[in-house]
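The values are calculated or read from the model by the stated rules, or taken from the named source; none is laboratory data. Everything quoted here is computed from the prediction, not taken from an experiment. For neighbour counting, all protein chains shown are included, and Cβ atoms are generated from backbone atoms with ideal geometry for every residue, glycine included. For accessibility, only protein heavy atoms count, side chains too; no ligands or nucleic acids. Shrake-Rupley method; radii C 1.70, N 1.55, O 1.52, S 1.80 Å.
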Amino acid sequence: ERALAVLRGEDGPGVAEALGLLERALDGLARLNGPTVGDNAKPSPSAQPNWSEDVTAISAFRQGLSDLERRLRRRPAPAASDGDDDMDVEAIEKRLYELAQLKRKLRRTLDEIVDLRREIEENLSFLDACRLDLRTLEREEEAHKEQLCGVLAELNPARQEAAARLAQALEGELAGLGFSEHVRVAFDFAPHEPWPGCVEDRARLMWVPNPGQPPQPLDRIASGGELSRFLLAVVGLMARDETATLIFDEVDSGVGGLTLNRVSDRLAALAEHRQVILITHWPQLAARAGRHFQVCKEVADNATFTLCRRLDGEDIRKELARMAGGGGQGEAMARELIS
């Protein structure tokens, strides 16, 4: 290494470089001060010396130094050296060339490339940690899946039993709301997977309003009045300790005659246990209320306003008479309903 440093001039001008400069200088002198070509001309004592032989000697010596440098570069590694010293100069130059290519490719300095390696290692470590977390989550997911399947295994038969009891209770309620005594209610269960591998039996309400018909979905074949009365039947089965306010918007739609009276009785029964707000056009239902409000529209200054006004005493009778058709017949019905 020391010999190569001298030849290359790592700490200053090298021997090879200095000999090259000397050779070029002497070659210039030889060309300028060489002997004159003539007939057997001999140099005089005062003539300049001929430098050509010196140039030739220095050139040969410089070639020898080049060969020496090559042999030094290919020297065998010392026996006690570690693995890094096994790389010869050509391997080092190849490595440096590869690093230069890498710098051009990544458009980064060597320090930035070293930092990039550290960044990549950190990312790989993060991905390894993520894989561990993922396996942990997979185990937790499997455990929760087993819990869910266990819950559904208990829930599905419980739903089947509760559906039978609810269907029987609804049939009794519907019979009291003007439906045929032959009305039947059933629940159709269809499998559903809330999570892959876990099966839940979800129910759909089916009913047979008239004998001789197959069960059909309530939401497809029921009329507005039937849906209203069905809602009353469901609400009537709810727990008595609930304090929710029930709001019925024209629950009497499509209902009349004796059925209307049954709906009125059921609404009055519900009102004994909780607050019921009923919007209706039937005087038979309105007369059962504890408080009455009239909702009407008025136009003022080309603007429409919706007003809600509480009725008391004589105003209630007048409104019931108007709802009953007005005139003497309406007045008679209003007095009968209030009495």
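Note on segment 147-293: percent of Cα-Cα distances in each 5 Å bin, starting at 0 and stopping at the bin with the largest distance, equals 2, 9, 16, 18, 16, 14, 10, 8, 4, 2, 1, 0. The local environment of Asn156, defined by Cβ-Cβ distances under 12 Å, has a net charge of -2 under the rule Lys, Arg +1 and Asp, Glu -1.
Using only side-chain charges placed at the Cβ, +1 for Lys and Arg and -1 for Asp and Glu, the dipole size of the chain relative to its Cα centre rounds to 860 debye. Each distinct pair of alpha carbons in segment 170-239 adds a 1/r term; the inverse of their mean, the Kirkwood radius, is 13.4 Å.
Here the average projected area of the convex hull drawn through the C-alpha atoms of segment 296-339 stands at 3.8 nm².
Across the accessible surface of the chain, with the other protein chains kept in place and a 1.4 Å probe, carbon and sulfur atoms take up 53 percent.
For segment 139-197 versus segment 100-125, the spacing of their alpha-carbon centroids is 62 Å. Relative contact order for the chain: what percent, with Cα pairs under 8 Å and sequence separation of 6 or more? That works out to 7 percent.
In units of the compact-protein estimate 2.2 N^0.38 Å, segment 73-227 shows a Cα radius of gyration of 2.50. What the chain shows is 71 Å² of accessible area per residue, with the surface traced by a 1.4 Å probe over protein heavy atoms.
A compact globular protein would have a Cα radius of gyration near 2.2 N^0.38 Å; the ratio found for segment 231-328 is 1.22. Could you please state, rounded to a whole Å, how far the C-alpha centre of segment 309-339 is from the C-alpha centre of segment 260-293? So the two Cα centres are separated by 16 Å. Accessible area of Trp195 (1.4 Å probe, protein heavy atoms only, ligands and nucleic acids ignored): about 110 Å². Taking all C-alpha pairs of the chain, those more than 33 Å from each other amount to 68 percent. GNM remark for the chain: springs join alpha carbons under 10 Å apart, and the peak mean-square fluctuation among Glu193, Glu90, Glu173 falls on Glu90.
Which one of Gly256, Gly328, Gly176 has the biggest mean-square fluctuation once the chain is modelled by GNM with Cα springs under 10 Å? Maximum among the listed residues: Gly328.
As an equivalent ellipsoid, segment 127-205 spans semi-axes of 44, 10, 8 angstrom, where each value is the square root of five times an eigenvalue of the C-alpha gyration tensor, largest first. GNM remark for the chain: springs join alpha carbons under 10 Å apart, and the peak mean-square fluctuation among Ile247, Ile277, Ile58 falls on Ile58.
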